[in-house]
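These notes are about the structure you will find just below.
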Amino acid sequence: MVLLSFISTVPSLLPSPSTYTTLSRCSRHSGVINCKVEANVNNADGVSRRDILHCFVSTISMDLIARSTSFVEVANAADLIQRRQRSEFQSAIKGTLAESLKGNPDLIPSVLTLALNDAITYDKATKSGGPNGSIRFSSEISRPENKGLAAALNLLEEVKKEIDSYSKGGPIAYADLIQCAAQSAIKSTFLASAIRKCGGNQEKGALLYSAYGSTGQWGLFDKQFGRSDAQEPDPEGRVPQWEKASVKEMKDKFSAIGFGPRQLAVMSAFLGPDQAATEEALASDPEVTKWVQKYQRSRETVSQTDYEVDLITTLTKLSSMGATNQL
């Protein structure tokens, strides 16, 4: 005799009783049928035990396919729900940050520098540092390179309290908050520029930004949400004092993290409190000046496309260096 176990589905696929002698002592346990099949098959009908086994395997396969399809449908539905909840939470965060920055426009440059200094601690050799929220520690925010950034950090700490009050998934990480704040700061500057170009009309300015802005460029940035916070400050000496650094020192630092003159020029708004002074210094370098001039021309256009796209792309790459995702 041959002992077979198979899931009890689609019994009509089995051969008819005339093809084999008996199915003896069949019993069901937890949705599984155990049967002993007699070996003396009706050879006249040309059906062997292999045929029976093939039918049983086919039955099992069809059942597993049906069940796996059901599992996939459930998993897809759960994934869609999770993505929708994530998207809604991110939208709420952006709204909270936008309102906070709107009420404190003087802190926008500091917010940008805060995000840069938190992320640019990344060290490729040791795979340490990066956008991990370590700048929140008092021993790091008090370093010379972070002078003047405490007010921006204090603002974000207040924002964090509000976000945590409506978060259903636990507190937002400082690592995410700081980089998302930089995103909101950049968006607010482009929106403000569009409003100015519309003579101060906010409705027309918002429409102009919507029409010419690079909303789609933020897609990859949003997917990085879920960074983990560092549990200690990053090592000292990884961030220059931007307002005192030479162009060569800035170039060397950007080169160390895989950036070149183009990214250095487009990030001039992050490098110290005076963007105009930084750009003037950068323009003195033959490798950087063409990019400085390119972005200056772009900012004079209605759409600012070249400047906006390159700035968003650079910030996105910077904000992902060595980031540990917790989702």
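The values are calculated or read from the model by the stated rules, or taken from the named source; none is laboratory data. In this text the structure is predicted, and so the values were computed from the model without any measurement. Because the Cβ atoms are built from the backbone with ideal geometry, glycine has one as well, and the counts that use them run over all protein chains shown.
For the reader, a short list of remarks on this structure follows.
- When residues of the range 244-259 are limited to those that are hydrophobic (A, V, I, L, M, F, W, C) and touching a residue at least 40 places away in the same chain (Cβ under 8 Å), the one surrounded by the fewest Cβ atoms within 10 Å (Cβ to Cβ): 256
- Qualifying residue in the range 111-125 (condition: in the same structural domain as residue 224 (by TED's automatic domain parsing), in contact (Cβ under 8 Å) with a residue 24 or more places away in the chain, among the acidic types (Asp, Glu) and in contact with a Gly (Cβ under 6 Å, 6 or more places away or on another chain)): yes
- Single residue of 314, 301 found to be under 28 Å from residue 209 (Cβ atoms), among the β-branched types (Val, Ile, Thr) and in contact (Cβ under 8 Å) with a residue 12 or more places away in the chain: 314
- Residue within the range 207-222 that is buried (at least 17 other Cβ atoms within 10 Å of the Cβ), modelled with pLDDT of 90 or more, under 22 Å from the mean Cα position of the chain (by Cα) and not acidic (Asp, Glu) present: no
- Within the range 89-125, the residues that satisfy the criterion of being over 20 Å from residue 190 (Cβ atoms), modelled with pLDDT of 90 or more and surrounded by fewer than 20 Cβ atoms within 10 Å (Cβ to Cβ) are 92, 123.
- Every test in (1) within 25 Å of residue 261 (Cα to Cα); (2) part of a helix (DSSP H, G or I) is passed by residue 204 save one, and that test is (1).
- Qualifying positions in the range 142-170 - closer than 20 Å to residue 226 by Cα and among the small types (Gly, Ala, Ser): 165, 167, 169, 170
- Of all residues in the range 215-225, those that are outside any helix (DSSP H, G or I) and in contact with a helix residue (DSSP H, G or I) (Cβ under 7 Å, 6 or more places away or on another chain) total 1.
- Residue in the range 203-219 that is among the polar types (S, T, N, Q) and over 19 Å from residue 301 (Cβ atoms) present: no
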